[in-house]
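So the structure is just underneath, and the comments pick up after that.
The values are calculated or read from the model by the stated rules, or taken from the named source; none is laboratory data. Given the structure is predicted, the values throughout are model-derived calculations rather than measurements. Neighbour counts are summed over all protein chains in view; Cβ atoms, including those assigned to glycine, are modelled from backbone coordinates with ideal geometry.
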Amino acid sequence: MKLYFLPALLLAAIAASAQTQPPIHVTVDVTDAPRKILHAALTIPVQAGPLTLLYPEWIPGEHGPTGPVTDLAGIVIRANGSDLAWRRGDVNMFAFHVNVPDGVSSLDVKLDFLATAPATGFTAGASTSANLAIVSWNELVLYPAGRPAADIAVQPAVKLPADWQYGTALTKTGESGGTIQFEPVSLEQLIDSPLLAGKYFKEFTLAPEVTPKNYLDLAADGPEDLRIKSDTLDAYSNLVREAGALYQSRHYTSYHFLVTLSDQVAHFGLEHHQSSDDRVAEKTFVDDNLTLLTADLLPHEFTHSWNGKYRRPVGLATGNYEDPMKGNLLWVYEGLTQYLGDVLAARSGLETPDEFRSALAASAATLDYRPGRTWRDLQDTAVAAQILYDTSQQWDNWRRSVDYYQEGELIWLEADTMIRKLTKDKKSINDFCARFEGLGGNTPPKVVPYNFDDVVSALNAIAPYDWAGFFSERLTSKAPHAPLGGIENGGYRIVYTDQPSKFIQARETATGDADAWWTLGIDITSDGHIDDVLVGSVSDKAGLGPGMQIVAVNGRQYTASLLSDAITAAKDTKDPIELILVNTGYYKVVKIDYHDGMRFPHLERIQGTPDRLDDIVKPMTQPPPKGKN
Ligand SMILES: [Zn+2]
């Protein structure tokens, strides 16, 4: 028998420390969310004298100073019923200075969050539609400077439109006059516990036999978007089981996948200790292609509950929202999560082993055609994370971006296959995860920081090797090609054929974009706009550039399929492909000499070697018999 609720005592201790000061009360009024404005009323306990109130700047999981301070409006601070003058910091735009008069023990603060951002970026992006809203508390609070977020107690509440339901990791304590009250938590927990609300809402319990409890909360633009297939639901239940088997622990008291199905909001996933904010296309669960393309998102964000939230690089574990973060270990935080998320997606049945391999082939081949790696090493992409999330797609292959996700995945795949090789397949990354992510067994949410040496020594405890050298070499390499050793150790190699893989086919169908990256070296949108031109490719040599639009292919108006047909027709001929381009109002005709036909990446078995990729995606658990699922 395993004792689960060691948390009870620990939680009490945490709550007590956060409650030595009276809590900040924050009530968020969501009733105007369909008009893109949220209102907050706060009561902040204070003492007389100078006081600095801060708006959260460095947002956990976003790895940068992304707090949407430009959308903060309507700030009114009152003391004993009178307005109090405030002045913003001359340098720190997130700081508001006031002088608290004698005899005043609390301030009443009103503020609005203007949810007007476009559907890009992370939580600062669009977050509401006519029938749903995501409340990210960091957008709606000010807090006194000078104390760690874990030591500031907050009593949260929300007022929702009349017929809306909600999901959140917060615990409801009561409801009156349409306002829902939640248990007091620390500011750290509050900002870590977003609330998803909507008119079209459904909650499913996943893997009901598992404790602590796990929920899939869906809010959608329309009722028809909520018709998730039972196979998909079963696979998400498997995800809960597989994650428990892999990490040998859970670091939450209950977990909520908060999934927004909407084309009106920004699309991304953001991890939290006890929930994840997963914003995906409206039709994700009713369109098979979108279901497949999104299969890795929830496993990725769920993995972060262990890798990223519980175990966190010391440079990202700042304890407040004003100190800058350091991203140098993001190849562990995001790279290992990318790998484990994909592995868990396959182990859970969210994708088949073949779909897992086809997604891996597409990702690895993209990294292999990325010449920016010759000037910027992977380590630099992690260090520069705070300036890379918002970069343009244009010349992306030369700039490089947040490559520590996908390339981190390749490196961790290689580490996994190395462990398997070194131990004659007796040990694997599973053992590392149980040791590193499961440290301390089951716990309530908390942060256990680590540094590079901790990663190395945990690996050495599983399989002794020069792990420091292994990672250093891959992090500082300026080699022209991607690190593909993990795929080879896994028993496969990348090959190119004229037929798209299932994953690429799903992507083409969902986006309408042509795939010409591994042929002409261009990334094109469905209307012929060139997003990126591969440095060194035939298109680069022919003078194509990002931002140009292809209007005609061999004299005919551009469509994605015409371009594919032209690439196929030019194979083994001497005839160039003729494009008419428009560039900032000027037209030009370009002839491209390319004769190798269509090329799509796949993983091909290396015969006579162990099929470790197949071993890696084998489930660790047995789902319960049907009907009990
Ligand atoms: Zn992530």
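Counting the residues of segment 339-354 that are away from the ligand (no atom under 15 Å from the Cβ) and surrounded by 24 or more Cβ atoms within 10 Å (Cβ to Cβ) gives 5. Checking each residue in segment 297-309 for being within 17 Å of L258 (Cβ to Cβ) and more than 9 Å from the ligand (Cβ to nearest atom) picks out L297, L298, P299, F302, S305, K309. Going through (1) surrounded by fewer than 23 Cβ atoms within 10 Å (Cβ to Cβ); (2) away from the ligand (no atom under 16 Å from the Cβ) one by one, R312 falls short only on (2). Of all the numbered requirements in (1) within 16 Å of the ligand (Cβ to nearest atom); (2) touching a Pro at 6+ places or on another chain (Cβ under 7 Å); (3) not hydrophobic (A, V, I, L, M, F, W, C), Y321 misses one, and that requirement is (1).
Among the residues of segment 407-458, those identified as of a type in the set (F, W, Y) and more than 24 Å from G319 (Cβ to Cβ) are W412, F432. Taking helices (runs of 4 or more DSSP H) as the structural unit, those lying wholly within segment 396-474 and holding at least 3 residues that are of a type in the set (V, I, T) correspond to 406-422, 452-462. Answer with yes or no whether A317 is surrounded by fewer than 21 Cβ atoms within 10 Å (Cβ to Cβ), modelled with pLDDT of 95 or more and under 18 Å from the mean Cα position of the chain (by Cα). Answer is yes for this residue. With respect to the conditions (1) assigned to a loop (DSSP other than H, G, I, E, B); (2) in contact with a strand residue (DSSP E or B) (Cβ under 6 Å, 6 or more places away or on another chain); (3) not hydrophobic (A, V, I, L, M, F, W, C), R493 falls short on a single one, namely (1). Residues that are among the β-branched types (V, I, T) and either surrounded by fewer than 24 Cβ atoms within 10 Å (Cβ to Cβ) or at pLDDT below 95 (or both) were ranked within segment 281-309; the one that is farthest from the chain's Cα centre (by Cα) is V286. Residues satisfying the criterion are absent from segment 270-286 (criterion: within 11 Å of the ligand (Cβ to nearest atom), touching a Leu at 6+ places or on another chain (Cβ under 8 Å) and either of a type in the set (A, V, I, L, M) or assigned to a loop (DSSP other than H, G, I, E, B) (or both)). Cβ separations smaller than 6 Å between residues 6+ apart or across chains give the following pairs from segment 592-608 residues that are within 21 Å of A552 (Cα to Cα) and surrounded by fewer than 18 Cβ atoms within 10 Å (Cβ to Cβ) to residues that are β-branched (V, I, T) and modelled with pLDDT of 95 or more: G597/T568. When D527, D523, D531 are checked against the criterion of being outside any helix (DSSP H, G or I), buried (at least 18 other Cβ atoms within 10 Å of the Cβ) and not aliphatic (A, V, I, L, M), D523 stands alone in meeting it.
The single condition from (1) of a type outside the set (F, W, Y); (2) surrounded by 15 or more Cβ atoms within 10 Å (Cβ to Cβ); (3) modelled with pLDDT of 95 or more; (4) farther than 23 Å from R400 by Cβ that A510 fails is (3).
In segment 51-62, the residues that are part of a strand (DSSP E or B) form Cβ pairs under 7 Å with partners that are within 16 Å of the ligand (Cβ to nearest atom), at six or more places apart or across chains, as follows: I59/T66; I59/T123. Going by what's in this entry, would E209 be described as more than 16 Å from the ligand (Cβ to nearest atom), over 25 Å from G308 (Cα atoms), outside any loop (DSSP other than H, G, I, E, B) and touching a residue at least 12 places away in the same chain (Cβ under 8 Å)? It is false that E209 is more than 16 Å from the ligand (Cβ to nearest atom), over 25 Å from G308 (Cα atoms), outside any loop (DSSP other than H, G, I, E, B) and touching a residue at least 12 places away in the same chain (Cβ under 8 Å). Hey, could you check segment 254-269 for residues that are assigned to a loop (DSSP other than H, G, I, E, B) and polar (S, T, N, Q) and say which is farthest from the ligand (Cβ to nearest atom)? Per the criteria, the residue is Q264. Among the residues of segment 600-629, the ones that are closer than 25 Å to L246 by Cα and either modelled with pLDDT of 95 or more or among the charged types (D, E, K, R) (or both) come to 14 in all. Looking at F113, F96, just one residue is in a strand (DSSP E or B), surrounded by 18 or more Cβ atoms within 10 Å (Cβ to Cβ) and touching a helix residue (DSSP H, G or I) at 6+ places or on another chain (Cβ under 6 Å), and that residue is F113. Kindly check whether there is at least one residue in segment 537-553 that is assigned to a loop (DSSP other than H, G, I, E, B), over 33 Å from the mean Cα position of the chain (by Cα) and over 30 Å from L246 (Cα atoms). Taking every residue of segment 537-553 in turn, at least one turns out to be assigned to a loop (DSSP other than H, G, I, E, B), over 33 Å from the mean Cα position of the chain (by Cα) and over 30 Å from L246 (Cα atoms).
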